[in-house]
Amino acid sequence: MNRTALRRLAAPGVAALALGFALSACGAGNETGGNSDSKLSGTLKGAGSSAQESAMDAWRAGFQKDNSDVTVNYDPSGSGAGVSGFNTGALDFAGSDAALDPTKGEVDAAKTRCGANALEVPDYVSPIAVAYNLDGVDTLNLSAKTVSAIFDGKITKWNDPAIVAENPDAKLPGSAITPVHRSDESGTTKNFTDYLSQAGEGAWTHPADKVWPTTSGEAANGTSGVIAAIKAGAGSIGYADESQVGDLSVASIKVGDAYVKPSADGAAKALEVSPIDDSRTEGDLAVKVDRTTTEAGAYPLMLTSYLIACPTYDGGKADLVKAFLKYIVSTTGQQEAADNAGSAPLPDALQQKAEQIIDTISAK
Amino acid sequence: MTDLATAPETHQHVPLRHPRLPAFAPLLAAGIAAAAAALIGMTLSWNLTGIVALAIVIHLVGLTLWSRTVENARAATDRLVTSLVWVALLIAMIPLVSLIWKVVQEGSPALNAKFLTWSMRNVIGEPGGIYHAIVGTLIITLAATVISVPIGLLSAIYLVEYGDQSKLARWIRFLVDVMTGIPSIVAGLFAYALFSILFGPGTQMGFGGGVALSLLMIPIVVRSAEEMLKLVPADLREASYALGVPKWRTIIKVVLPTAMGGIITGVTLAVARVIGETAPLLIICGGTDSVNFNPFHGQMASLPVFIYSSYTQPGSNPEILKTMAWGAALVLIIIVMALNLVARLAGKFFAPKRGR
Amino acid sequence: MTSVTTETGSPKRRLGDLVFANTTRAAGVTILVALAGVAIFLTAEGLPAVGAKAPDLKGHSNLLTYVAPLVFGTLLAAVIALVIAVPLALGVALSVSHYAPKPVAVGIGYLVDLLAAVPSVVYGLWGIGFLGPRLIPVYQWLADHLGFIPFFDGPASNTGRTILTASIVLAIMILPIVTAISREIFAQTPRLNEEAALALGATRWEMIRLAVLPYARSGIVSAAMLGLGRALGETMAVAMVLSASGVVTWDLISSTNPSTIAANVALTFQDATGLQRNALIASGLVLFVITFVVNFAARAIVERNDPGKAR
């Protein structure tokens, strides 16, 4: 009985082993070949801003095609996750929609992790769209004050006098408004609430924060979750990176006396008129975005996303990080992001500064 | 018999049976209810769900009233409960049918050779493949099996052959039962905390997933193996002892081979149970676009996490990735069903011959 | 039924036996250690959160007020799921054990097993991609016509991502386990009791009410509690379906919902930093304790009233 049982056991066992070997013998169909001229190899682990996701997909693909032995992983789990992961040493680099916050100790934590001041360069500039789902209303004009009231739950119907006053021609129904916000920590939320608190003429009473401050409205996880929730619910309105809103309608926001639709150019213009935060250290290119600008054509509801990295890394990792980051801020990289994610390429001056900073990355 | 024959026939006509509805009454009532509901529903232009709900209500009320007038109150209650039981069954089957239908309908367009042999590395704006996730799932599950089977099997042997009714054995048995109820996310948190302490904060690797899953798998293995070992007849053991074979050799050479079929079934079912776990892998394994064959280094993709992240974080091409998520769900269900089938077949194939 | 004696009759124990016996005992102890390890690691990693302040607790002043709404949401979702699942499960179990003819019963058994085999992430996919959108008109109707009941206060969600949807998905997920256990208990009812009831002229329902249900009562309770344990800890389906704001409300159909512990961990763990992670692990410990107690109680009831032992 023993013998036969073992023999019976052997057949499926051998089959399973054979299957295992067959699987491990060959990689995926698309992972063979590629450019073998590159000397770089290894794995980079990054995480952070989900707004950057599309752009990062393009950058990773472009970089991995040039360097076939390199794998770059990027988990679009949110800026908060990126910064914390980087500061604990779990990540090689982070993407964040908000610069490191000195008041929360993030700058110090990054310094401890790197052993020196962390590097921070902008890599992705993109407008944040106020997207909505309302049948028969294709254009919608909103001031920051009205947007504040909607997201604070003070305006609950689409035909509220405040909205009608700004859109005299639109056929606004009397249905309820469902404001959709992010349930996770997000740099998009921080930029959005920063815009509302600066430009909302006092209608937004909460400070700028990565965490959505109120509990009313619908909560959705990640940029994609917000888009999905707006698409699923008639009468919903939410905020998300413009590159990801797809075919949803987007509102124009009031800048000066005009209403401006989100666009890469508008975001780039808003960035150009914003000063660099000079309280920062040498390798830290944080920009203080001027949300109240009245510059014609500027779209101040935009996010500037940053790459956060260390000035020094162990061994070969330094070259890897340096090469990848340089690729991102290079003209090619920025153009690829613009094609793929609809972002605005960095202004020339900023791009050159960023490249200089990345060049200082070295091995320990 | 004789009693019946000699029973007085002078009595007035007393029916021996209560009047009964014909056997086809429930079906007839159902048919009438469906027709009536369809008629009402169509005139009021309801959707299918409304019509079906109305039909059920008409059927329940109608049949009960009919039975009450013809039969009696007790019979009416009986018919009502019978109908309710069948309605419950019907309602319970709706989600299963709609789930399978939806997954097949949404997932089958994604299935093709490329889907199964490509990874998502360097794939933008077009459908890629889930090869990396399949490989990851197999490796992680294999790791979990390698950890759970020895521990689970040996524990079961202890419980049946050595511990029996000792205090330790009773505690193990009881806590294993309780352990089957550990939420999977807690197992993930445990593995994360453990690996953070051992290998530095934020460590993510495929083997960690194996550890987390084994925590969920061990109790299932122990329970099924224990049941199977108990079924081995004592005669076999006694015979072996009588031949002077030591106990440990008896267990390995006689008891285990006899119970092998059931144990393999149990292990396969346990694998089927944990192969679809998402929450722990999300925390401890992370995700990647590329194939990773090394369970001890770097993030590893898996089918459930791929489904979750593709559906909830699809990025700029949501339609493509959502279709892929449904396709991956279909592949995962097929794998799970296949494992269940294998388990049943193994149970039959390895069953000890009963011809003594 | 265990038929093995610990004594093999031989006075001196052989080395092989000693090694093997201790190996198996070590394996058993490993399980206890692992279970203790879970509790210890979660406590060790969760303790630092006790002193955490508002910024790390999503604005709550201390750990208690942070975890309490989550516990509320967890219990609410699980209890609703139970209310939906138990009657259905009992119906299915009865149909298998007492109503359906043998081949049909076997078929139903397979289908229920199939339901149990579907991975939770697929349920989540189905819940958000299929069930949720189809429930929107139902919620609208409930809010319009039954709005006076606090549960249906509204305003109705227009995405269907509500706690009621999550509970329905949970109900479907725990249906198989509740069904399986009840079915087993029903099938174990002594045949004589059933036939005695029938012989006294009872209808089938009266037979079930008089003979089967009293016999199976403790089994049903423990089946329900095991289902509750499942529902409390279920993660992915809730995380995918629910629009979670973490409030405390009885409103089941609006877009502002309580969150559950498990879903909260899955959704925010990746984003969390330092003490926030400790707080999440602490909430995981709370969940562990709750499910442990529920499962403990359920198993204790089974042990005490094991139909195999009693009667």
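The values are calculated or read from the model by the stated rules, or taken from the named source; none is laboratory data. Since we're looking at a predicted model, the values are computed, not measured. Don't worry about glycine lacking a Cβ; one is built from the backbone with ideal geometry, like all the others, and counts go over all protein chains shown. Only protein heavy atoms, including side chains, enter the accessible area calculation; ligands, DNA and RNA are left aside. Shrake-Rupley method; radii C 1.70, N 1.55, O 1.52, S 1.80 Å.
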Checklist entry - Can you tell me which residues in segment C:245-275 are assigned to a helix (DSSP H, G or I), open to solvent by 30 Å² or more (accessible area, probe 1.4 Å) and not aliphatic (A, V, I, L, M)? => result C:G274
Checklist entry - What tally of residues in segment A:71-110 results from selecting those that are at the interface with another protein chain (Cβ under 8 Å from one of its Cβ atoms), in a loop (DSSP other than H, G, I, E, B) and farther than 26 Å from A:A61 by Cβ? => result 1
Item to check | Every pair of residues 6+ apart whose Cβ atoms lie under 6 Å, when the first sits in segment B:167-182 and is facing another protein chain (nearest Cβ under 7 Å) while the second is surrounded by fewer than 20 Cβ atoms within 10 Å (Cβ to Cβ) | outcome: B:V178/C:F296
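Test of understanding: among B:G286, B:G276, B:G244, which residue is at pLDDT 85 or above, at positive phi and at the interface with chain C (Cβ under 10 Å from one of its Cβ atoms)? Please lay out each step first, then the result.
On the way: B:G286 fails: at pLDDT 85 or above; B:G276 fails: at positive phi.
On inspection, the qualifying residue turns out to be B:G244.
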Checklist entry - Where in segment C:135-244 are there helices (runs of 4 or more DSSP H), lying fully within it, with 1 or more residues that are surrounded by fewer than 16 Cβ atoms within 10 Å (Cβ to Cβ)? => result C:163-188, C:191-199, C:213-233
Checklist outcome for this item: Cβ pairs under 8 Å, 6+ apart or interchain, first in segment B:304-320 and open to solvent by 20 Å² or more (accessible area, probe 1.4 Å), second of a type in the set (S, T, Y) and part of a loop (DSSP other than H, G, I, E, B), ordered by first then second residue, are B:Q313/A:S50
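Given the condition in contact with a Lys or Arg (Cβ under 7 Å, 6 or more places away or on another chain) and in a helix (DSSP H, G or I), answer yes or no: does some residue in segment B:131-151 qualify? Steps first, answer last, please.
First pass over segment B:131-151, keeping only residues in contact with a Lys or Arg (Cβ under 7 Å, 6 or more places away or on another chain): none.
Checked segment B:131-151: no residue is in contact with a Lys or Arg (Cβ under 7 Å, 6 or more places away or on another chain) and in a helix (DSSP H, G or I).
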Item to check | Among (1) over 25 Å from A:W212 (Cβ atoms); (2) out of contact with any helix residue (DSSP H, G or I) (no Cβ under 7 Å at 6 or more places or on another chain), the one test that A:S77 misses | outcome: (1)
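Going by what's in this entry, would A:T223 be described as within 14 Å of chain C (Cβ to nearest Cβ), buried (at least 24 other Cβ atoms within 10 Å of the Cβ) and within 19 Å of C:G129 (Cβ to Cβ)?
Values: within 14 Å of chain C (Cβ to nearest Cβ): yes; buried (at least 24 other Cβ atoms within 10 Å of the Cβ): yes; within 19 Å of C:G129 (Cβ to Cβ): yes.
So A:T223 fits the description; yes.
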Checklist entry - Could you say whether any residue in segment B:89-105 is more than 7 Å from chain C (Cβ to nearest Cβ), open to solvent by 20 Å² or more (accessible area, probe 1.4 Å), closer than 30 Å to B:R249 by Cα and among the hydrophobic types (A, V, I, L, M, F, W, C)? => result no
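Residues are listed down the side, and each one gets a yes or a no for (1) out of contact with any helix residue (DSSP H, G or I) (no Cβ under 8 Å at 6 or more places or on another chain); (2) modelled with pLDDT under 85:
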site: A:L285; (1), (2): no, no
site: A:L303; (1), (2): no, no
site: A:T312; (1), (2): no, no
site: A:Q335; (1), (2): yes, no
site: A:A341; (1), (2): no, yes
site: A:K353; (1), (2): yes, no
site: A:A363; (1), (2): no, no
Checklist entry - Any idea which residue in segment A:125-158 is most open to solvent (accessible area, probe 1.4 Å), counting only those that are of a type in the set (S, T, Y) and over 23 Å from A:V289 (Cα atoms)? => result A:T139
Checklist entry - Which members of segment B:183-202 meet the condition of being of a type in the set (V, I, T) and at the interface with another protein chain (Cβ under 7 Å from one of its Cβ atoms)? => result B:I185, B:V186
Checklist entry - Quick one: which of A:P207, A:P122, A:P179 is away from every other protein chain (no Cβ under 14 Å) and either more than 16 Å from A:L248 (Cβ to Cβ) or buried (at least 19 other Cβ atoms within 10 Å of the Cβ) (or both)? => result A:P122
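Could you please let me know if B:G210 is in contact (Cβ under 8 Å) with a residue 40 or more places away in the chain, open to solvent by less than 20 Å² (accessible area, probe 1.4 Å) and touching a helix residue (DSSP H, G or I) at 6+ places or on another chain (Cβ under 8 Å)?
Numbers: in contact (Cβ under 8 Å) with a residue 40 or more places away in the chain: yes; open to solvent by less than 20 Å² (accessible area, probe 1.4 Å): yes; touching a helix residue (DSSP H, G or I) at 6+ places or on another chain (Cβ under 8 Å): yes.
For B:G210, the condition - in contact (Cβ under 8 Å) with a residue 40 or more places away in the chain, open to solvent by less than 20 Å² (accessible area, probe 1.4 Å) and touching a helix residue (DSSP H, G or I) at 6+ places or on another chain (Cβ under 8 Å) - is met.
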Checklist entry - Between residues in segment C:37-53 that are within 12 Å of another protein chain (Cβ to nearest Cβ) and residues that are in a loop (DSSP other than H, G, I, E, B) and surrounded by 15 or more Cβ atoms within 10 Å (Cβ to Cβ), which pairs lie under 9 Å by C-beta distance while being six or more apart or on different chains? => result C:V38/B:I182
Checklist entry - So which of C:G124, C:G132 ends up being more than 9 Å from chain B (Cβ to nearest Cβ), touching a helix residue (DSSP H, G or I) at 6+ places or on another chain (Cβ under 6 Å), open to solvent by less than 10 Å² (accessible area, probe 1.4 Å) and not charged (D, E, K, R)? => result C:G132
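Which of the following residues is at pLDDT below 90, part of a helix (DSSP H, G or I), in contact with a helix residue (DSSP H, G or I) (Cβ under 9 Å, 6 or more places away or on another chain) and closer than 23 Å to C:I174 by Cβ: C:A89, C:A93, C:A105, C:A81?
On the way: C:A89 fails: at pLDDT below 90; C:A93 fails: at pLDDT below 90; C:A81 fails: at pLDDT below 90.
Going through C:A89, C:A93, C:A105, C:A81 in turn, the sole match is C:A105.
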Checklist entry - Quick one: what pairs do we get from segment B:245-261, first residue surrounded by fewer than 22 Cβ atoms within 10 Å (Cβ to Cβ), second acidic (D, E), C-beta under 7 Å, 6+ apart or different chains? => result B:P246/C:D17; B:W248/C:D17
Item to check | Some residue of segment A:327-343 being part of a loop (DSSP other than H, G, I, E, B) and of a type in the set (S, T, N, Q) | outcome: yes
Checklist entry - Which condition does B:L153 not pass, out of (1) open to solvent by 20 Å² or more (accessible area, probe 1.4 Å); (2) at the interface with chain C (Cβ under 10 Å from one of its Cβ atoms); (3) free of Cβ contacts under 8 Å to residues at least 40 places away in the same chain, if it passes all the others? => result (3)
Item to check | Neighbours by Cβ (under 8 Å, 6+ apart or cross-chain): first from segment C:159-187, under 17 Å from C:L75 (Cβ atoms) and within 14 Å of chain A (Cβ to nearest Cβ); second open to solvent by 10 Å² or more (accessible area, probe 1.4 Å) and of a type in the set (V, I, T) | outcome: C:I163/C:I80
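Please verify whether B:R79 is open to solvent by 90 Å² or more (accessible area, probe 1.4 Å), assigned to a helix (DSSP H, G or I), within 14 Å of chain C (Cβ to nearest Cβ) and basic (K, R), treating the condition exactly as stated. Reasoning before the result, please.
Working: open to solvent by 90 Å² or more (accessible area, probe 1.4 Å): no; assigned to a helix (DSSP H, G or I): yes; within 14 Å of chain C (Cβ to nearest Cβ): yes; basic (K, R): yes.
Taking the combined requirement at face value, the residue does not satisfy it.
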Item to check | Some residue of segment B:227-241 being under 29 Å from C:V33 (Cβ atoms), open to solvent by 40 Å² or more (accessible area, probe 1.4 Å) and away from chain C (no Cβ under 11 Å) | outcome: yes
Checklist outcome for this item: (1) touching a helix residue (DSSP H, G or I) at 6+ places or on another chain (Cβ under 8 Å); (2) of a type outside the set (G, A, S); (3) part of a helix (DSSP H, G or I) all hold for B:I320 apart from (1)
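Find the residue count for segment C:88-98, including only residues that are open to solvent by less than 20 Å² (accessible area, probe 1.4 Å) and within 8 Å of chain B (Cβ to nearest Cβ).
The first filter runs over segment C:88-98 and keeps only residues open to solvent by less than 20 Å² (accessible area, probe 1.4 Å), leaving C:89, C:91-95.
Add one more test, that the residue is within 8 Å of chain B (Cβ to nearest Cβ), and what stays is C:89, C:91-92, C:94-95.
Number satisfying all stated conditions: 5.
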Checklist entry - Which condition number does B:N122 fail, the rest of (1) more than 24 Å from the chain's Cα centre (by Cα); (2) on the phi < 0 side of the Ramachandran plot; (3) facing another protein chain (nearest Cβ under 8 Å) being met? => result (2)
